[in-house]
Structures are given as C-alpha cells and as structure tokens.
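The values are calculated or read from the model by the stated rules, or taken from the named source; none is laboratory data. Because the structure is predicted, anything quoted here is derived from the model rather than measured. Cβ placement follows ideal geometry from the backbone for every residue including glycine, while neighbour counts extend to all protein chains displayed.
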Amino acid sequence: MGIIKQFETSSRIRIIDVIRGFCLLGILLANMLIFQYGIYGKEELQHFNPSRMDEVMHQSLQIVVEGSFMPIFMFLFGYGLYKLREGLMSKGIISGGSLVRRFIMLIALGLMHSLLLWEGDILLAYGVTGFCLLLFVKRKPKTLIIWGIALTLLLAGISYGAEEGTPKEQDRMQEYVMQSISIYGDGTYEEIMDFRLNEDPLDLPLAGMVALMILMPLLMLPMFLFGIAAAKAQWFHNPERERRRYAFAAASMLPLGILLKSLGVLQPDWVWSGVVMHIGASILALGYIFGLALILSFLAKSSLVISAFEAVGRMSMTNYLMQTVICTTLFYGYGLGWFGEIGMLNGLLLALFIYAVQAVVSSIILFRFKNGPLERLLRMWTYWSVSGKPRSIRKLADHPVVDVRL
C-alpha cells in the first residue's frame with residue numbers, strides 16, 4: 001500500500017502533470033520535423049536528399065508521434081479548464097472573468113509566438129477554442145463523450161477521398177519548399193519573418209483562410225471535450241481504483257490507434273487514408289493517456305524520472321515556448337543554420353537532449369519557486385492578482401450564473 005499512497009494526496013495534479021510532461025516530449029519530437037524541414041517541407045522530404053534511415057524514421061514518427069501528442073495536450077487543457085472552474089466556484093468566485101482573461105492571454109501569446117518566431121503555434125488556437133468550451137463545461141460526461149465521438153467521426157469524414165494536388169499546385173509546393181531551404185537555412189531574421197508571413201504555397205483566398213480559422217476550433221474540440229468529461233468523472237483521482245479501466249483502455253486503444261495510423265501512413269493513396277489517420281491519431285492519444293496513468297499508478301513518488309516529467313509538465317507553457325526559441329536558433333539562418341542538414345536520427349537525439357536539459361532546469365526552478373515564469377504570469381493575469389492567487393471579490397450570491405447549456 002505504500003507505493004499506492006504516493007498519488008492519493010494529490011493524484012489528479014501529479015498524474016496530470018506527469019502526463020503533460022511526457023506529452024511535451026512527444027510534441028518536441030513532432031515539432032522537430034517542422035524545425036528541421038518546415039511545416040510543408042516535412043512532407044516533401046525528397047527535396048532534402050533523405051537516406052533510407054531518414055525515410056523509415058519519418059514514417060515511424062508519423063505513426064507513433066505525429067498527430068497523437070498534440071491531442072493529449074488538448075485533453076489536458078479541457079481537464080485543467082474544468083478543474084480551474086471547479087476550484088474557483090468552490091471559493092465562491094465567479095469563474096467567467098478569470099477564464100476569459102486566461103483565454104485572452106493565450107491568444108496574445110499565440111499571436112506573438114506565431115508572428116515573431118514560428119508558424120507552428122498552438123496557443124492561439126487553444127485560446128480561441130477555450131471560448132467554445134464555455135458552452136460545454138456544464139454538460140454531463142456522457143453528453144461530452146457523445147459530442148466528442150460525433151465530431152471526431154464527422155471531421156474524419158472530411159478527409160475521405162482526399163486527392164493529391166494538381167500538377168500546378170505540386171509545382172507551387174515544390175518551388176515553395178526549395179525557396180524555404182534557402183531562406184530558413186541562410187536568411188536573416190527579417191527575411192525569414194517576411195517569408196513566413198507572406199508566402200503561401202496553398203495560395204488560399206481570403207475567404208478560404210477565414211473558413212479555416214473558423215473550422216480550427218471544431219477540429220480541436222473533441223479531445224477538449226473528452227478532457228472535461230474525464231475531469232467530471234474523476235478518472236484520475238484514484239489510480240488504484242481506476243487501474244482496471246486504464247488497463248482495458250490502453251490495451252484496446254494503443255494497438256488500434258497504431259494499426260489505423262499505420263494503414264494511413266503506409267497506404268497514402270488509399271481513399272480512406274485520411275479518415276483512418278484522423279481517427280487513429282485520437283484513439284492513440286487516448287491510449288497513451290490511459291497507458292501512462294496505468295504505469296504511474298504503480299510507480300513510487302521518489303522516482304527521479306517521474307519527477308523530471310512532472311517538473312516539465314508543471315512548466316509546460318514556458319518549456320513549450322523555450323523549445324521554439326532554442327530550435328529556431330539552432331536551425332534558422334540567424335542562428336547556426338542547421339535547417340535540413342542534420343538528418344532524422346540526429347534530430348531525434350537533439351530533441352531528447354533538449355528535453356533532458358529542460359527537465360533539469362525545470363526541476364531546479366521548481367525547487368525554489370512554485371511556478372515557472374510564464375505560468376506565474378498567466379496566473380497573475382487570470383486571477384488579476386499580483387500574488388497569482390484568486391481573490392474572492394465577486395461572490396456567486398451577488399452574481400447569479402447564467403446557464404449556457406446547449
């Protein structure tokens with residue numbers, strides 16, 4: 001029983017932080033492809049003279065990593081959103097203002113991140129999606145799961161029969177990728193920023209861009225809803241009690257997710273390829289979550305590895321943005337200019353090294369402080385408090401809550 005007790009006093013916080021930390025490793029591995037080859041270039045590796053090992057590793061990352069770790073972050077965002085709202089409500093504080101401020105700051109950070117540093121930002125989309133989640137946060141877990149499954153299937157259906165671009169579109173993409181190799185590898189900060197903001201290989205019209213921005217929250221919504229449902233159902237409050245659930249979910253979802261994604265990656269011309277990739281990515285993400293929860297229910301609190309993942313998870317926003325700063329400096333022309341040069345294996349090893357350094361630094365920071373720098377700033381802004389703690393200044397009794405159920 002001693003090993004079981006280590007998570008009981010703070011099972012939700014500890015397990016969720018460890019999973020978030022592990023998720024950030026997966027996100028770095030996936031994003032390393034974008035840092036190395038560009039957001040479009042990673043799908044056009046033939047322009048980088050890849051070795052056979054590069055091709056095999058790329059396919060492996062597509063199956064095991066790409067598209068299945070970002071959904072974990074979405075799940076955890078939904079989980080954390082509900083727990084934050086629940087905590088505020090328990091103190092008699094109107095939660096609406098705090099949540100809105102939180103979403104606004106995520107949008108602001110996301111805009112700065114995407115405009116000034118890198119096109120692979122997720123914070124902007126999270127902030128926008130947060131406003132949509134306010135419509136669902138009061139719903140029952142069963143309702144949220146039904147909505148999540150329905151939206152997943154609907155959005156997967158959009159990918160059915162997706163075809164390659166026309167010869168003209170393929171030529172435009174090839175020209176863009178070749179240009180990106182020169183700009184990203186040798187360009188100045190100003191040249192790279194101008195290229196990112198003004199060059200579009202898809203040549204989307206304004207209406208298409210607006211439609212894509214509107215559709216983005218819908219694409220992300222299902223995993224957020226699953227996260228809220230998990231928080232409401234308290235799936236991670238008592239790991240010992242939930243072990244059987246974790247084992248069944250992991251044993252069924254992990255192989256199914258791998259199978260579906262493998263079919264999509266290895267049969268790219270199949271009309272169902274996009275559909276099985278989309279569904280498989282979500283199933284695999286859930287399999288990772290439950291598999292990690294099962295493993296964590298057996299591990300001791302004093303484990304250095306678990307503590308390292310937890311530290312990274314507690315500083316997830318700081319570490320996520322620092323990964324961009326570090327990697328763009330390494331790969332872009334205004335830094336070391338490694339863009340497209342070091343290969344898949346070295347990129348993987350570099351990602352592991354960067355993550356290990358972040359784990360050490362995060363552990364040192366959290367040994368002295370309660371939060372990371374950006375996490376502290378987000379708390380101060382969310383609670384409108386210099387201390388970073390909520391102040392019970394607006395009571396529920398004075399401001400009745402408006403029911404926004406669907």
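Details
- Qualifying residue in region 310-328 (condition: outside any helix (DSSP H, G or I) and closer than 30 Å to residue 193 by Cα): yes
- Residue 56 falls short on exactly one of the conditions (1) farther than 24 Å from residue 321 by Cα; (2) surrounded by 19 or more Cβ atoms within 10 Å (Cβ to Cβ), and that condition is (2).
- Looking across region 67-90 at every residue that is in a loop (DSSP other than H, G, I, E, B) and touching a Lys or Arg at 6+ places or on another chain (Cβ under 9 Å), the one that is surrounded by the most Cβ atoms within 10 Å (Cβ to Cβ) is identified as 68.
- In region 260-273, residue nearest to the chain's Cα centre (by Cα) [restricted to those that are surrounded by 15 or more Cβ atoms within 10 Å (Cβ to Cβ) and either at pLDDT 95 or above or in a helix (DSSP H, G or I) (or both)]: 261
- Positions within region 333-389 being in contact (Cβ under 8 Å) with a residue 60 or more places away in the chain and in a loop (DSSP other than H, G, I, E, B), in sequence order: 333, 334, 337, 338, 339, 340, 341, 342, 384
- Residue identified as outside any loop (DSSP other than H, G, I, E, B), buried (at least 22 other Cβ atoms within 10 Å of the Cβ) and within 21 Å of the chain's Cα centre (by Cα) among 282, 307: 282
- Residue pairs meeting the criteria (Cβ under 6 Å; at least 6 apart or on separate chains; first touching a residue at least 60 places away in the same chain (Cβ under 8 Å) and surrounded by 23 or more Cβ atoms within 10 Å (Cβ to Cβ), in region 25-47; second part of a helix (DSSP H, G or I) and of a type in the set (Phe, Trp, Tyr)): 28/355; 35/331
- Check on residue 106, surrounded by fewer than 21 Cβ atoms within 10 Å (Cβ to Cβ) and of a type outside the set (S, T, N, Q): no
- Reported count of residues in region 236-253, each being free of Cβ contacts under 8 Å to residues at least 12 places away in the same chain and in contact with an Asp or Glu (Cβ under 8 Å, 6 or more places away or on another chain), is 0.
- Condition check for residue 323: touching a helix residue (DSSP H, G or I) at 6+ places or on another chain (Cβ under 9 Å) and more than 21 Å from residue 123 (Cβ to Cβ): no
- Scanning region 22-66 for residues that are outside any helix (DSSP H, G or I) and within 21 Å of the chain's Cα centre (by Cα) gives 38, 39, 40, 65, 66.
- Qualifying residue in region 141-155 (condition: closer than 28 Å to residue 35 by Cβ, at pLDDT below 90 and surrounded by 14 or more Cβ atoms within 10 Å (Cβ to Cβ)): yes
- Restricting region 377-406 to residues that are surrounded by fewer than 16 Cβ atoms within 10 Å (Cβ to Cβ) and among the basic types (Lys, Arg) leaves a set whose member that is modelled with the lowest pLDDT is 405.
- Residue 232, sole failed condition from (1) farther than 30 Å from residue 340 by Cβ; (2) over 24 Å from the mean Cα position of the chain (by Cα); (3) charged (D, E, K, R): (2)
- For residue 248: the one exception among (1) under 24 Å from residue 154 (Cβ atoms); (2) modelled with pLDDT of 95 or more: (1)
- Only residues that are over 17 Å from the mean Cα position of the chain (by Cα) and under 20 Å from residue 15 (Cα atoms) were counted in region 314-363, giving 6.
- So residue 210, is it in a helix (DSSP H, G or I), over 19 Å from the mean Cα position of the chain (by Cα) and farther than 26 Å from residue 128 by Cβ: no
- Count of region 117-170 residues, restricted to those that are within 18 Å of the chain's Cα centre (by Cα), among the aromatic types (Phe, Trp, Tyr) and not in a helix (DSSP H, G or I), is 1.
- In region 52-88, the residues that are among the polar types (S, T, N, Q) and either touching a helix residue (DSSP H, G or I) at 6+ places or on another chain (Cβ under 7 Å) or under 20 Å from residue 216 (Cα atoms) (or both): 59, 62, 68
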